[in-house]
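Before any comments, here is the structure.
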Amino acid sequence: MIKQDYIIRMIQEIISLIANAIIKKKKLDNKELDTYEYTTHEILGISPKELTGMNANEIISQYSQSENGMDKLELAAVSLLLFSEEMTDSNLLLKSKLKQDGIFLLKYLQKNSGSYSLQREFIINMIS
């Protein structure tokens, strides 16, 4: 139980930090980005590159039924949004896909998680 609580708190902290970076349009340095990528990999069990290669429905099916599934979905959503913000404009198609998938996942969470998040709502409205 303690391990599960720790993981949930860690996910929530990472989500808050990423959301702040997105809201403030702050570019992350390589060390911060590496930290987010490593933590995302540790919690989700897949690398960020694999995550960006999946579509939103695949992500939902993989994590929605797992332990802490909704928290993992939220981490995946904000990670996709962060990666889309950090991409250069040279790959607009992938950047757009990541942004759309991230917003789709956040909307899915707002509707299906059983908990309403004002922060989540603000991010959805700001990016949409």
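The values are calculated or read from the model by the stated rules, or taken from the named source; none is laboratory data. Quantities reported herein were computed from a predicted structural model and do not represent experimental measurements. A quick note on method: Cβ atoms are made from the backbone with ideal geometry, for glycine too, and the neighbour counts reach across all protein chains shown. Keep in mind that these areas ignore ligands, DNA and RNA; they rest on the heavy atoms of the full protein, side chains included. Shrake-Rupley method; radii C 1.70, N 1.55, O 1.52, S 1.80 Å.
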Among Glu74, Glu86, Glu50, residue whose mean-square fluctuation peaks in a GNM of the chain (springs only between Cα atoms under 10 Å): Glu50
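Using a probe of 1.4 angstrom, how much of the accessible area of the chain is carbon and sulfur, in percent?
54
What value, in deg cm²/dmol to 500, does the helix sum -39500 (n - 2.57) over DSSP H runs of n ≥ 4 give at 222 nm once divided by the residues of the chain?
Counting only the DSSP helices, I get -25500 deg cm²/dmol.
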Size of charge dipole - region 1-122 - debye, nearest 20, with Cβ of Lys, Arg +1 and Asp, Glu -1, no other charges: 360
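Go ahead and run the numbers for FRET between Ile46 and Lys97, Cβ-Cβ distance against an R0 of 25 Å, rounding to 0.05.
0.90
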